Amino acid sequence: MRMSQSVSCPRCGTARHTWSETHDLCPSCLLTTALSLEGEPCPYRVLTPIGESLGAVTYLAQAPFPFRGYVALKMLRPRTDVEAVLSRYQHWKSPLARLRHPSIARLLDVGLTEEGLVYVASEYVAGWSLTSMSPRHREAVPVETAVEAAMERIDRGEIVRQLTDAVHAAHAAGVAHLKLDATKVRISTANGLHATILGFGSSLIVDGADVRTEQDLAALAQLASDLDIEP
């Protein structure tokens with residue numbers, strides 16, 4: 001096994017330290033390339049990677065005809081419980097389909113690629129992460145003065161109100177998030193201040209977790225605290 005000589009991925013430019021591989025593309029772009037070949041293994045047209053974690057790579061993708069728009073397509077790394085994940089999706093599919101709220105990004109589909117990888121397609125939400133409004137984050141990551149001033153004008157109380165309303169609506173439908181934090185919230189001001197929660201249903205389906213509403217309520221209180229809002 002040779003050591004790659006390049007210091008960044010030639011496709012996306014992601015900088016990296018040396019890794020032992022027989023190719024030069026980073027793991028995300030390797031999977032993107034594979035998914036973009038003819039005879040696509042799932043009904044979504046992959047465009048570009050937009051996120052990566054230990055357990056999955058997330059892509060911006062186009063939904064299949066006749067639907068329009070974009071989806072966030074999370075491709076899970078190889079698992080041994082594939083059938084259990086698909087079975088849990090069938091169990092939660094109806095409750096999640098009924099869960100319609102303007103501040104909740106809908107989970108659209110769960111399936112398998114031809115290679116046996118589980119994918120999770122959710123509504124794509126443009127905007128910036130709520131972490132950018134956390135005082136602790138802003139101390140660690142300097143931001144431009146104009147951007148900082150714009151953040152100060154945002155009604156943080158309204159953000160908490162929208163998130164609280166969304167969580168209560170989900171709980172009323174029998175659904176919980178379970179991993180709610182600032183990284184799972186997108187903020188947009190294009191058409192008025194709007195907060196959207198990502199990932200509703202993922203833990204229930206992928207992890208097989210139980211509905212525990214108290215976890216979401218504790219997370220809401222933490223988000224309010226991070227935004228300097230009294231719960």
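So, of the residues in segment 92-110 that are open to solvent by 20 Å² or more (accessible area, probe 1.4 Å), in a helix (DSSP H, G or I) and closer than 24 Å to residue 62 by Cβ, which turns out to be modelled with the highest pLDDT? Break it down stepwise before answering.
Step one: list which residues in segment 92-110 are open to solvent by 20 Å² or more (accessible area, probe 1.4 Å), which gives 92-95, 97-98, 100-102, 106-109.
Still in the running and in a helix (DSSP H, G or I): 92-95, 97-98.
Imposing the further condition that a residue be closer than 24 Å to residue 62 by Cβ reduces the set to 93, 97.
Working: 93: 95, 97: 92.
Here the residue is 93.
When residues of segment 170-194 are filtered for being part of a helix (DSSP H, G or I) and open to solvent by 50 Å² or more (accessible area, probe 1.4 Å), how many remain?
Going through segment 170-194, the residues part of a helix (DSSP H, G or I) turn out to be 170-172, 182-184.
So of that shortlist, the ones also open to solvent by 50 Å² or more (accessible area, probe 1.4 Å) come out as 172, 183-184.
Within segment 170-194, residues that are part of a helix (DSSP H, G or I) and open to solvent by 50 Å² or more (accessible area, probe 1.4 Å) number 3.
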Within segment 158-169, can one find any residue that is open to solvent by less than 20 Å² (accessible area, probe 1.4 Å) and more than 30 Å from residue 118 (Cβ to Cβ)?
yes
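Just to verify a result, which residue in segment 111-126, among those that are part of a strand (DSSP E or B) and within 18 Å of residue 49 (Cα to Cα), is most open to solvent (accessible area, probe 1.4 Å)? Before you say what the answer is, go through the steps one by one.
Within segment 111-126, the first condition is being part of a strand (DSSP E or B), and the residues that meet it are 111-112, 118-123.
Filter once more, keeping what is within 18 Å of residue 49 (Cα to Cα): 118-123.
Details: 118: 3, 119: 14, 120: 7, 121: 0, 122: 26, 123: 74 Å².
In this case the residue turns out to be 123.
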Does segment 68-85 include one or more residues that are at pLDDT below 90 and surrounded by fewer than 17 Cβ atoms within 10 Å (Cβ to Cβ)?
yes
Which numbered condition residue 134 misses (of (1) open to solvent by less than 30 Å² (accessible area, probe 1.4 Å); (2) at pLDDT 95 or above)
(2)
State the number of residues belonging to segment 196-225 that are open to solvent by less than 30 Å² (accessible area, probe 1.4 Å) and farther than 29 Å from residue 111 by Cβ.
3
I'd like to know if segment 91-112 contains one or more residues that are without any contact (Cβ under 8 Å) to a residue 40 or more places away in the chain and among the hydroxyl-bearing types (Ser, Thr, Tyr).
yes
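The values are calculated or read from the model by the stated rules, or taken from the named source; none is laboratory data. Computed from a prediction, not measured in an experiment: that's the story for all the values here. Here the Cβ is made from the backbone with ideal geometry for all residues, glycine too, and neighbour counts use every protein chain on show. Accessible surface areas use protein heavy atoms only, side chains included; no ligands, DNA or RNA. Shrake-Rupley method; radii C 1.70, N 1.55, O 1.52, S 1.80 Å.
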